[in-house]
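The values are calculated or read from the model by the stated rules, or taken from the named source; none is laboratory data. Quantities reported herein were computed from a predicted structural model and do not represent experimental measurements. In this analysis, Cβ positions are derived from the backbone assuming ideal geometry, glycine residues included, and neighbour counts consider all displayed protein chains. Heads up: the accessible areas ignore ligands, DNA and RNA and are worked out on the full protein's heavy atoms, side chains in. Shrake-Rupley method; radii C 1.70, N 1.55, O 1.52, S 1.80 Å.
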Amino acid sequence: MANPDKPSSAIAFVYRGTFVHSTQQTALQVLEDALLGVDTEGKIAFIGEGKQLEKLSKIFGFSTSEVTQLTEHEFVMPGLVDTHIHACQYSYAGTALDLPLLQWLNTYTFPVESRFKDLEFARQVYTRVVKRTLTNGTTTACYFASIHTDASLLLGQIANDLGQRALVGKVCMDRNDFVKHYRENIQESQDETCRFIEEFLNKKYPLAKPVVTPRFAPSCSGELLEQLGEIAKNNNLHIQSHISENKEEVQLVKELFPESESYTDVYHKYNLLTDKTVMAHGCYLSDKELAVFRETGASLSHCPSSNFSLCSGVLNVRNVLQHKVKLGLGTDVAGGYSASMLDAVRRTMDASKVLTIQDPEHKALTFEEVFRLATLGGSQALSLDDQTGNFEVGKDFDALRVNVAAPGGPIDLIHSEGPKTLLEKFLNLGDDRNIVEVFVAGRRVVPFIEPTAE
Ligand SMILES: [Zn+2]
């Protein structure tokens, strides 16, 4: 029954044209000449057929003259979900791709991340990474920051101010023998994580949340992992980390945690695998470990650009999906050199084809399947699929308005193409020039929100 104190929200805007999205059953659903209305709360109020315009305008109380008509080469798709990105590594994105993981961390990553105690430097880098990812269509990002609490809080504020949906983690690490000034002791890590969570939650951001973030098992003592598992449980928070990225790292974990049966077992033992956990990579997980992911509801973030750049490995996504483990895509900046999720889509296709080259029996992923992983799959991996990921009535409107024939853009359309081909061309050839508008929770965030003049 309707609550008289809280009338259902009015319609803020309506789009008419082609919509593409994924559902649990269908990797790609195309809705041609559709109508989609967004209410003043930013939620999808209705989806209907163009011919129902008069009827819908009466039911939902909007004027038919206010409907925005998409052009022939335009479509609206769900926003891209980056399930794994290191905001503080953005400063050296596109460089330093010549070493394997453990040496790469010691040589490039830790020295750069240690600079984020400088809040002015943090502000510059974090503003740029949030803007860059937003213009490239990332409506939801799951960020690693650095070990510095105040800079990590700043990242949350910047994402909130620019209107991006974000999970933000202050990194925890009490083991680092190579760059000794870039680590915490266990007490600091615990205290600062609690302060980070408390101060973050006190801000009451509508779309940004803190994430418990042990860097990865080799950087954390068992005692710290145990405490972080407890903190996540007590506050019902998301958890993110890395797992089984390269062989040397898997071997190191075996040596550091000899009592554990597997890498997965290390996290599982410390209650770090929950249905709100996302683990990056997982290239070398056994089927038995994947079964633990499925049982716990933990998900994987597939970061193929990084896996290729650092010569880490090639995740068999098909096998992960067959094990019914939730999976999204990640850029993993700066192991991955591009902050654009379109690059993650393309590298996911490449990685899948590499497996088919190695074994012709392997069934490569289709572009429709990869599209789903980059949108709905990502929202499922982050346990945000009740709010975002596709166009269902009641979900937040997180969306991209794409013009495949944008003037000055990277795509030449020779023939008149159907919506499925337009999407395929955009995924393979498009860039931010094709992304005309970006919406998060019904609010237009690209072009950027200009600060209001006082
Ligand atoms: Zn990473």
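Annotations for the structure displayed:
- For residue 159, the conditions (1) assigned to a helix (DSSP H, G or I); (2) surrounded by fewer than 24 Cβ atoms within 10 Å (Cβ to Cβ) all hold with the exception of (2).
- Selected residue [under 23 Å from the mean Cα position of the chain (by Cα) and either more than 16 Å from the ligand (Cβ to nearest atom) or outside the structural domain of residue 222 (by the TED database) (or both)] from 247, 269, 254, 276: 276
- Any hit, region 394-403, residues being among the acidic types (Asp, Glu), crowded, with 22+ Cβ neighbours inside 10 Å and either on the phi < 0 side of the Ramachandran plot or not assigned by the TED database to the domain that holds residue 142 (or both): yes
- The helices (runs of 4 or more DSSP H) located wholly in region 330-388 that include 2 or more residues which are open to solvent by less than 10 Å² (accessible area, probe 1.4 Å) and away from the ligand (no atom under 16 Å from the Cβ) occupy 341-358, 367-372.
- Residue that is farthest from the chain's Cα centre (by Cα), among those in region 63-108 that are of a type in the set (Ser, Thr, Tyr) and surrounded by 21 or more Cβ atoms within 10 Å (Cβ to Cβ): 90
- Counting only residues that are of a type outside the set (Gly, Ala, Ser), in a helix (DSSP H, G or I) and over 25 Å from residue 103 (Cα atoms), region 224-239 holds 8 of them.
- Criterion: closer than 22 Å to residue 181 by Cα, surrounded by fewer than 17 Cβ atoms within 10 Å (Cβ to Cβ) and of a type in the set (Phe, Trp, Tyr) - qualifying residue of 116, 121: 121
- Any chance residue 235 is in the same structural domain as residue 158 (by the TED database), out of contact with any helix residue (DSSP H, G or I) (no Cβ under 9 Å at 6 or more places or on another chain), at negative phi and open to solvent by 50 Å² or more (accessible area, probe 1.4 Å): no
- Residue 193 vs. criteria within 16 Å of the ligand (Cβ to nearest atom), under 19 Å from residue 150 (Cα atoms) and surrounded by 23 or more Cβ atoms within 10 Å (Cβ to Cβ): no
- Region 373-397: number of residues that are over 13 Å from the mean Cα position of the chain (by Cα) and of a type outside the set (A, V, I, L, M): 9
- Filter result (over 26 Å from residue 164 (Cβ atoms) and either touching a Leu at 6+ places or on another chain (Cβ under 8 Å) or within 16 Å of the ligand (Cβ to nearest atom) (or both)) within region 70-96: 73
- Within region 299-329, the set of residues being part of a loop (DSSP other than H, G, I, E, B) and within 16 Å of the ligand (Cβ to nearest atom) comprises 303, 310, 311, 312, 313, 315.
- All positions within region 13-46 that are touching a residue at least 40 places away in the same chain (Cβ under 8 Å) and of a type in the set (Asp, Glu): 32, 39, 41
- Any hit, region 114-127, residues being assigned to a loop (DSSP other than H, G, I, E, B) and touching a helix residue (DSSP H, G or I) at 6+ places or on another chain (Cβ under 6 Å): no
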